[in-house]
Amino acid sequence: MKYRFLLPFLLLYIGINAQNGHAPAKKRTFPSNLNAAELGAAKLYQNVVESVVTVYTTSKKFTEQGAVQNSGLGSGVLISSDCHILTAAHVVDGTTKIKVKTQDGELRNATVLFSEKSADIALLKLDVPDKGLKHATLGDSDVTAVGQNVYAIGSPYGMENSFSSGIISAFRSFNTLYDGTVNIEFIQTDAAINSGNSGGPLFNSSGEVIGIASSILTVSGGFQGIGMAVTSNTIKSLLAFEDRPWIGVESVFLKSDDLARLFNLNLSGGLLVQKVAKSSPAYKAGLQGGTISANVGGRPILLGGDLILKMDTQETCHVGCIEGVRNILASKDKIDVTFLRGGKQQMVTIDVSTVRKNFLNE
């Protein structure tokens, strides 16, 4: 009993070493009384969790006292044997350093290859790829249905490998078109998605990634039953440029009634340029984004940018025909874009010959 005072220090020592990986992880077995649905979910988690990662970020914030370092946290998922990682753009936006914690407990350096804020999608790659790491498969989000089960894994509030399930509640598209041709689509789900889940995968019952957790619609900052995930097919379209050009614009589609009310124009539709990426083909050609904040039908947009009327031979009449432009532009290295600026119709030729690639092959 005379050594009883050492017990707190012994427990502390054990706890520290357990955190450092020196204590063996508890082994669990599936109980025999699981029903089919429970067994399926348990096996799914076991099969895919090794592909899920935690993303730690460091950024600088400038204050009156000088530069202050901020730390951030998000989730991600490995999607290739070359160690590409999908996460949310806002997780890595403005970061100076990115560390990725894989399921073996190692912290690894990573670099951003691609980030698109309007879709809240970013692609990372480990600086030193490890072929031994398990990766997930991107599924076909068009082969999904409202009511089907979905499963989210991430690090809400830093609690790694948290598993939640729910259903697809709806599919949402807010008529935001990236690069003028990719209509960004979201899966709405009631699977619990909290702070720290951002960038984490949404799986179907086959263990395929059909979405990347983007944001939650909430008042309190916590989960309230409405989570959003960018669809896997949107992600595939954003990252592949062999069969479409990268122009470098973020735009919103405006219908005829919006155009009549805002600009007194009698047109069936048009693409209002919101932002133009610096050094992009559109930037070099002189296209301009908006500068005036406004609200149209409850949707915040920027006014003052160019209004695109035609891309090559295709008029921007509705979302469907705009998405069809990809087929027209699939093999072209130069694109004629007709637009309105200051009430005058103009045309520029955009050279995309040097930007055709697939970021997944980087």
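Flag not set for residue 251, criterion: in contact with a strand residue (DSSP E or B) (Cβ under 9 Å, 6 or more places away or on another chain), of a type in the set (Gly, Ala, Ser) and part of a helix (DSSP H, G or I). Close Cβ contacts (under 9 Å, 6 or more residues apart or on different chains) running from residues in segment 174-201 that are closer than 28 Å to residue 57 by Cα and among the charged types (D, E, K, R) to residues that are in a loop (DSSP other than H, G, I, E, B) and at pLDDT 90 or above comprise 185/141.
Whether any residue in segment 271-288 is part of a loop (DSSP other than H, G, I, E, B), over 24 Å from residue 353 (Cβ atoms) and not assigned by TED's automatic domain parsing to the domain that holds residue 116 is what I want to check.
Residues of segment 271-288 that are part of a loop (DSSP other than H, G, I, E, B), as a first pass: 277-280, 286-288.
Next cut, over 24 Å from residue 353 (Cβ atoms) only: none.
No, segment 271-288 contains no residue that is part of a loop (DSSP other than H, G, I, E, B), over 24 Å from residue 353 (Cβ atoms) and not assigned by TED's automatic domain parsing to the domain that holds residue 116.
Considered as a group, the residues in segment 334-362 that are out of contact with any strand residue (DSSP E or B) (no Cβ under 7 Å at 6 or more places or on another chain), surrounded by 14 or more Cβ atoms within 10 Å (Cβ to Cβ) and under 25 Å from residue 234 (Cα atoms) include one that is modelled with the lowest pLDDT, and that residue is 356.
Taken over segment 113-132, the criterion of being of a type outside the set (D, E, K, R) and in contact with a strand residue (DSSP E or B) (Cβ under 6 Å, 6 or more places away or on another chain) is satisfied by 113, 114, 115, 118, 119, 121, 122, 123, 124, 126.
Applying the criterion of being among the hydrophobic types (A, V, I, L, M, F, W, C) and in contact with a strand residue (DSSP E or B) (Cβ under 6 Å, 6 or more places away or on another chain) to the residues of segment 296-316, the residue that is surrounded by the fewest Cβ atoms within 10 Å (Cβ to Cβ) is 303. For the structure I just gave you, tell me whether residue 293 is surrounded by fewer than 17 Cβ atoms within 10 Å (Cβ to Cβ), within 23 Å of residue 185 (Cα to Cα) and modelled with pLDDT of 85 or more. Against the criterion (surrounded by fewer than 17 Cβ atoms within 10 Å (Cβ to Cβ), within 23 Å of residue 185 (Cα to Cα) and modelled with pLDDT of 85 or more), residue 293 does not qualify.
Considering segment 161-190, and only residues there that are among the aliphatic types (A, V, I, L, M) and modelled with pLDDT of 90 or more, the residue that is nearest to the chain's Cα centre (by Cα) turns out to be 187.
The values are calculated or read from the model by the stated rules, or taken from the named source; none is laboratory data. The structure displayed is predicted, hence computed values, not measured ones. Heads up, the Cβs are rebuilt from the backbone with ideal geometry, glycines too, and the neighbour counts pull from every protein chain shown.
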